[in-house]
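The values are calculated or read from the model by the stated rules, or taken from the named source; none is laboratory data. Remember, it's a predicted structure, so these values are computed and weren't measured experimentally. Note that we place each Cβ from the backbone using ideal geometry, even for glycine, and neighbour counts take in every protein chain shown. Protein only, heavy atoms only, side chains kept; ligands, DNA and RNA dropped before computing areas. Shrake-Rupley method; radii C 1.70, N 1.55, O 1.52, S 1.80 Å.
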Number of protein chains: 2
Amino acid sequence: MSDDRLERVRARMVEHGVDVLVLRPSSNLRYLARSVRHGFLVITPDGPPAHVPDASPLIPAGSRVAVDPQMLAHELLSIQERLGPQTLFASAEPLLAALRMRKSGAEIAALERAAVAADRAVASAAELSWSGATEREMARLLRRLLLEAGHDEVTLVTVAAGEHSADPYHRPTERTINPGDAVLVNIGGRYEDYCSDIARMFVVAEPPEDFEAMYSVVLAVHGAACEAVRPGVTAAEIDEVCRDAIAASGYGSFFAHRTGHGVGLDQFEPPYLSPGDRTVIEPGMTMSIQPAIYLPGLYGARIEDVVVCTDVGARRLNQSPRLLIVTDR
Amino acid sequence: MSDDRLERVRARMVEHGVDVLVLRPSSNLRYLARSVRHGFLVITPDGPPAHVPDASPLIPAGSRVAVDPQMLAHELLSIQERLGPQTLFASAEPLLAALRMRKSGAEIAALERAAVAADRAVASAAELSWSGATEREMARLLRRLLLEAGHDEVTLVTVAAGEHSADPYHRPTERTINPGDAVLVNIGGRYEDYCSDIARMFVVAEPPEDFEAMYSVVLAVHGAACEAVRPGVTAAEIDEVCRDAIAASGYGSFFAHRTGHGVGLDQFEPPYLSPGDRTVIEPGMTMSIQPAIYLPGLYGARIEDVVVCTDVGARRLNQSPRLLIVTDR
């Protein structure tokens, strides 16, 4: 148990009017307890935290209970059923996010080690022959490259070739990758508990028609979004800079998702660089910057790096060049 | 959308008195829709299923709602808040488990391909030098071997050396593996959507003192538990056979977990071979058999295979020999 983190979460509980906080095995438990075991961790503003197989007996009827946002529905329903309707349940996400968003120096160093490992995997991938392989085959190779670069676990592998690159949520298929294809590659994993997340565009032998012009827009927008990261700006404002820049290039309706998301113990965590997130960015917050343009039926392009907000603006944790990667030359 | 599975889940909804079933991106959604997209799938006993970003508007106040047991607490709390206390929520686990537990021929074939791939990874691991490596290094190698054997994703890698093998929930550490160590290896992954799960005991150069006698008990119990799998027996009865056999060997209090669990689209799914599970085993059900003995401070031993229940009893999907694997000879 990290006493400092425990004290800070207890202070937040009092602020939020929470009587009991219940965590399950999750990144939240890892953050507070530095390790993960089966069962539930029950925390109150005073008294020692209790690690128990069943949380219900430790919750007084009528309490205000904040539950791990990663708790599963069947676990929550079982607790709700035993405690009855007088007990009020809410997600502990706002309470926990406030703590977890601000990374310590040690956490930022861990995220940088993860980012550099992902950079190495991208560099190795650039040396491979992509022509003639399927998306699934390349996805398996990328997983191996992430592990060879020192990741303990692979959490994300997108390989989307040709027209598939225009689908932001594509999963690898048996489609063969051919010369002239653009390939969207987005990979990430867990490295000593902290996550990496990087996206680069590959082209096989040569880019498809008109692709480079569109790519240069994404590259410029990526730079603009990184520059927008500074203490005091809101997450939504960074997102707006990105959206405005894409719209100004005439691709406004072809950006389908948020500009980025927090990266830490989880691959996706607060803050979310999206129109609704009013989080004020502070030094120590880490987030991905991932502008993209998707042209349905044709191709898409996404560039993603993890950055940390410092006193003077964003510092990129990924060091991979952001230029188009040409394979099979 | 699989029409046959959809019809069967609707019939179950009527049986269970469920008005609305809400699934999130999960193995349950994959089972029913054959693909996973962002958002929620809302299913009613009649009318077409709706894939929507927000499920609440499609749920009439006062309904009986069954939710995906893999839904996250923050998602469920948000739906509960909008619908108010008249709407009753329950986990859809019993409803979905009844369908998913009975595998089709195609599903069993997929699980067998996954098991054989895991067997290949174990065979490759037996050729490696383990002496002098750390648990984490070997864990990374095992991940690569699972991918090289054709897995799309690695979901489970336990490497527990020496005294760590006595902890059933151990995670790989920087501990160096030395000659004379027993090493518990439990690996699994996703292969074309279906999961593998295999545990074998490795010993480096030579087994620790008295280890082989204990291992032979686990091996015999594994055989007895596999023989107990047949149509009409309950999950709890298989667990009891395993527990009784371990107790009869004098190791009764050193078996710390259930005898096994279902394996399918999820690494862990119903039925659970544990004292409380009254599920009647039927042909087509697939499950792991994983007896173990853990001697705290000394070592542990676990053997795990995936089996399918046929008309005449268990058929093992893993083909790896269950003998102790000696490395660095």
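List of remarks:
- Among residues of the stretch A:82-134, those that are away from chain B (no Cβ under 14 Å), in contact with a Pro (Cβ under 7 Å, 6 or more places away or on another chain) and small (Gly, Ala, Ser), counted: 1
- Among the residues of the stretch B:301-329, those identified as within 26 Å of B:PRO270 (Cβ to Cβ) and part of a strand (DSSP E or B) are B:ARG302, B:GLU304, B:ASP305, B:VAL306, B:VAL307, B:VAL308, B:CYS309, B:THR310, B:GLY313, B:ALA314, B:ARG315, B:ARG316.
- Looking only at residues of the stretch A:13-27 that are more than 14 Å from chain B (Cβ to nearest Cβ) and in a helix (DSSP H, G or I), we find that the one that is farthest from A:SER56 (Cα to Cα) is A:GLU15.
- Tally, over the stretch B:259-271, of residues that are in contact with a helix residue (DSSP H, G or I) (Cβ under 6 Å, 6 or more places away or on another chain) and either open to solvent by 20 Å² or more (accessible area, probe 1.4 Å) or in a strand (DSSP E or B) (or both): 3
- Selection over the stretch A:34-51 of residues that are surrounded by 14 or more Cβ atoms within 10 Å (Cβ to Cβ) and either part of a loop (DSSP other than H, G, I, E, B) or more than 14 Å from chain B (Cβ to nearest Cβ) (or both) gives a count of 9.
- Test: residue in the stretch B:238-250 that is in contact with a Lys or Arg (Cβ under 9 Å, 6 or more places away or on another chain) and open to solvent by 20 Å² or more (accessible area, probe 1.4 Å): no
- Residue count for the stretch B:294-306 satisfying the condition of being buried (at least 23 other Cβ atoms within 10 Å of the Cβ) and either of a type in the set (A, V, I, L, M, F, W, C) or not assigned by TED's automatic domain parsing to the domain that holds B:ALA160 (or both): 3.
- Identity of the residue in the stretch B:135-168, more than 12 Å from chain A (Cβ to nearest Cβ) and not hydrophobic (A, V, I, L, M, F, W, C), that ends up nearest to the chain's Cα centre (by Cα): B:THR158
- The helices (runs of 4 or more DSSP H) found wholly in the stretch B:87-185 and carrying at least 3 residues that are touching a Leu at 6+ places or on another chain (Cβ under 7 Å) occupy B:105-126, B:135-148.
- Residues in the stretch A:53-81 that are open to solvent by 30 Å² or more (accessible area, probe 1.4 Å) and more than 12 Å from chain B (Cβ to nearest Cβ): 8 in all.
- Identity of the residue in the stretch A:186-209, part of a loop (DSSP other than H, G, I, E, B) and touching a helix residue (DSSP H, G or I) at 6+ places or on another chain (Cβ under 6 Å), that ends up modelled with the lowest pLDDT: A:GLU192
- Residue in the stretch B:200-216 that is more than 14 Å from chain A (Cβ to nearest Cβ) and within 18 Å of B:VAL307 (Cα to Cα) present: yes
- There is no residue in the stretch B:185-201 that is open to solvent by 20 Å² or more (accessible area, probe 1.4 Å) and under 13 Å from B:LEU298 (Cβ atoms).
- Filtered residues of the stretch A:73-93 (kept if in contact (Cβ under 8 Å) with a residue 12 or more places away in the chain and touching a helix residue (DSSP H, G or I) at 6+ places or on another chain (Cβ under 7 Å)): A:LEU76, A:ILE79, A:ARG82, A:LEU83, A:PHE89, A:ALA90, A:SER91, A:GLU93
- When B:ARG10, B:ARG30 are checked against the criterion of being open to solvent by less than 50 Å² (accessible area, probe 1.4 Å), assigned to a helix (DSSP H, G or I) and either modelled with pLDDT of 95 or more or within 22 Å of A:PRO85 (Cα to Cα) (or both), B:ARG10 stands alone in meeting it.
- For B:SER91, the criteria (1) surrounded by fewer than 18 Cβ atoms within 10 Å (Cβ to Cβ); (2) modelled with pLDDT of 95 or more hold in every case but one, which is (1).
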